[in-house]
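The values are calculated or read from the model by the stated rules, or taken from the named source; none is laboratory data. Note that the coordinates shown come from a computational prediction; the quantities given were computed from them, not determined experimentally. Cβ coordinates were reconstructed from backbone atoms using ideal geometry, including for glycine residues, and neighbour counts include every protein chain displayed. The area values use the complete protein model at the heavy-atom level, side chains included, leaving out ligands, DNA and RNA. Shrake-Rupley method; radii C 1.70, N 1.55, O 1.52, S 1.80 Å.
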Amino acid sequence: LGRFLNHELPPEVRWLNGYRVLEWHFRKGSIDLGKDVNYLEFLQKHGRPLDAMLRPMQNRKGLLEEVRALCAHAMLSPAADPRLVDAGASLITKSFHGLECLVMAVMNEGTGDRISFTPDRS
């Protein structure tokens, strides 16, 4: 969680660590997050902030997997194709708020309404 919240890290590092929060919450760190029924229901309930970035015929899970791949690619090969650098970074940045909302929803699940985490609107 700390690497997700650390504003000094590159966006792709932060994004992937936010995704890892979801993996740990729903899959205890194992693979196949996209097949987890509870995760899919969670996306249905909390994923509305992602909808503005969906392409035709794409669902929220597909968008998150696309951005996850972009982040991994950016970390492994930041200059692999200079024509795509801005396109990938743009989607990573644009989807960050949606991922932030999902992470905050995961954090709020265990609080019993005693505390509420909300994403920064600035």
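Given their separation in residues at 0.36 nm each and the Cα-Cα distance between them, Ile31 and Arg3 gain 8.1 nm when the chain is fully extended. A protection proxy built from the mean count of other Cβ atoms within 10 Å ranks the segments 47-56, 94-103, 28-37, most packed first, as 94-103, 47-56, 28-37.
Just the protein heavy atoms count here, and of the accessible area of the range 1-62 at 1.4 Å, carbon and sulfur take up 54 percent. The calculated FRET efficiency for Val13 paired with Gln58, based on their beta-carbon distance and R0 = 41 Å, is about 0.95.
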